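Here is the structure we will look at, set down as structure tokens.
The values are calculated or read from the model by the stated rules, or taken from the named source; none is laboratory data. The structure displayed is predicted, hence computed values, not measured ones. So basically every Cβ, Gly included, is an ideal-geometry build from the backbone, and we count neighbours across all protein chains shown.
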Amino acid sequence: MTLFLNALGIICPLGQSHDAIRTRLFEGDSGVLPDAMRPGLDGTPLALGAIPLEDAALPSDALLPLPDRSRNNRLALQALSQIRDQVDAAIARFGAHRVGIVLGTSTSGIAEGEAAFRWRQHGDAFPAHFHYGQQELGSPAAALAATLGVMGPAHVHSSACSSSGKAMAAAARLINMGLCDAVLCGGVDSLCDFTIAGFTALESVSPARCNPLSRNRCGINIGEGAALFLMSREPAMVALAGWGESSDAHHISAPDPSGGGALRAMRGALARAHMAPDQIDYINLHGTATPQNDVMESNAVHALFGAQVPVSSTKPFTGHTLGAASAIEAGLCWLAMQQANHQGLLPPHLWDGVPDPALPRLDIVERGRALGRPPRAVLSNSFAFGGSNVALLLTRQDR
């Protein structure tokens with residue numbers, strides 16, 4: 001039976017409303033800006049996809065238990081606030097025990113831990129407002145469950161860049177197994193020194209806006225944000241028609257250069273949706289702008305779709321939001337599929353326009369390109385450390 005994405009709450013470097021995000025996306029206005037730069041380990045400036053909001057502008061977490069108070073969870077609460085009425089209505093309709101929460105994250109409240117250790121360097125104890133639980137990966141699900149009063153399954157996936165996509169697949173399984181009637185699913189991640197230092201040490205970050213598929217690409221921009229979907233069997237404009245998951249088991253941080261795992265994920269999504277490659281209107285690439293990922297993904301996409309399907313990476317708009325990336329990018333696709341996008345504009349590919357001769361030819365979306373109607377079927381890829389792959393297939397239910 002079809003599973004629908006009834007509502008979307010999203011906050012990212014492009015904004016915190018559907019209209020603002022959609023406008024900036026289709027105008028090619030990146031959220032990765034110079035004023036979000038900060039030094040890396042060697043003092044080199046790094047462009048980041050930072051949300052330009054002070055903590056005071058985010059929802060208060062004062063009503064949460066101390067272990068769940070973090071900026072990460074406040075971003076999740078901000079996304080929730082956009083769809084709170086729809087979520088409360090689902091709880092009232094199905095009952096609190098029949099509504100679940102499944103999220104993806106990679107940072108949780110690590111930033112609070114970093115600040116606490118800096119505090120402790122000047123004294124003998126951690127600050128009173130710090131609790132170790134703020135760093136626990138399960139904290140975002142616990143915070144939303146406490147806020148909403150739901151009693152269904154509530155847990156977090158943490159598989160790096162595929163986390164929130166796998167959370168959405170897990171949410172679909174909860175409904176299909178009859179354990180839930182509705183699930184709040186998606187992901188949240190926030191900037192912290194830990195991830196910035198880690199990716200810098202891997203020599204995987206770019207000092208300027210990332211440049212996917214270009215011969216001049218040199219790495220990612222780390223970003224932050226949250227995207228939450230309300231998923232149920234209640235009819236809506238956009239459905240999660242299919243998903244595919246696979247594991248390369250190739251290397252802790254490098255993708256399988258053959259693209260075998262990526263192909264299995266994409267084929268799995270198509271098979272679950274009972275669709276053929278030529279029925280896809282648009283592909284949102286993982287598109288990190290690292291040398292190895294772009295080669296692997298380009299080869300895999302070309303092997304399955306050729307150069308017949310429009311493709312782009314939206315990471316130059318938001319940065320790589322790590323555990324939230326799958327859900328945020330699915331959210332951008334969801335926005336493109338709404339009737340408000342009556343022209344059928346596609347997310348453009350921001351880059352320097354210098355192709356890499358080592359990559360196969362793909363149909364790269366230029367700014368202003370439109371289908372003349374909202375996309376009917378889109379595929380969104382996420383490929384993570386450890387070879388954890390997920391592809392989500394969204395379809396528009398024309399009524």
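Assorted remarks:
- Considering residues of segment 313-341 that are over 15 Å from the mean Cα position of the chain (by Cα) and small (Gly, Ala, Ser) only, the residue farthest from ALA141 (Cα to Cα): ALA340
- Test: residue in segment 40-61 that is in contact with a His (Cβ under 7 Å, 6 or more places away or on another chain) and not in a loop (DSSP other than H, G, I, E, B): no
- If only residues of segment 381-399 that are of a type in the set (A, V, I, L, M, F, W, C) and in contact with a Gly (Cβ under 7 Å, 6 or more places away or on another chain) are counted, the one that is farthest from ASN6 (Cα to Cα) is VAL390.
- Residue in segment 94-108 that is of a type outside the set (S, T, N, Q), over 28 Å from SER232 (Cα atoms) and part of a helix (DSSP H, G or I) present: no
- Hits in segment 201-236 - residues which are of a type in the set (Gly, Ala, Ser) and in a loop (DSSP other than H, G, I, E, B): SER204, SER206, ALA208, GLY219, ALA236
- Members of segment 266-302 found to be buried (at least 17 other Cβ atoms within 10 Å of the Cβ) and outside any helix (DSSP H, G or I), listed by number: MET275, ILE280, ASP281, TYR282, ILE283, ASN284, LEU285, HIS286, GLY287, THR288, ALA289, THR290
- First in segment 309-334 and over 17 Å from SER106 (Cβ atoms) and assigned to a strand (DSSP E or B), second anywhere and at pLDDT 95 or above and among the charged types (D, E, K, R), Cβ under 8 Å, 6 or more apart: PRO310/ASP281; PRO310/ASP363; PRO310/ARG369; VAL311/ASP363
- Candidates in segment 297-331 are the residues that are touching an Asp or Glu at 6+ places or on another chain (Cβ under 7 Å) and of a type outside the set (Gly, Ala, Ser); of these, the one that is nearest to GLY344 (Cα to Cα) is PRO310.
- Of all residues in segment 159-181, those satisfying the criterion of being surrounded by 22 or more Cβ atoms within 10 Å (Cβ to Cβ) and farther than 15 Å from LEU240 by Cα are SER159, CYS161, SER162, SER163, CYS180.
- Residue match in segment 220-234 (condition: among the aromatic types (Phe, Trp, Tyr), within 19 Å of the chain's Cα centre (by Cα), surrounded by fewer than 24 Cβ atoms within 10 Å (Cβ to Cβ) and on the phi < 0 side of the Ramachandran plot): no
- Enumeration of residues in segment 384-399 that are farther than 11 Å from MET337 by Cβ and at pLDDT 95 or above: ASN389, VAL390, ALA391, LEU392, LEU393
- Counting only residues that are assigned to a loop (DSSP other than H, G, I, E, B), in contact (Cβ under 8 Å) with a residue 40 or more places away in the chain and not charged (D, E, K, R), segment 369-399 holds 4 of them.
One line per residue, one yes/no per condition, for (1) modelled with pLDDT of 95 or more; (2) of a type in the set (D, E, K, R); (3) over 17 Å from SER70 (Cβ atoms):
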| residue | (1), (2), (3) |
| --- | --- |
| GLN86 | yes, no, yes |
| HIS97 | yes, no, yes |
| GLY152 | yes, no, yes |
| HIS157 | yes, no, yes |
| ALA172 | yes, no, yes |
| VAL183 | yes, no, yes |
| THR195 | no, no, no |
| PHE199 | no, no, yes |
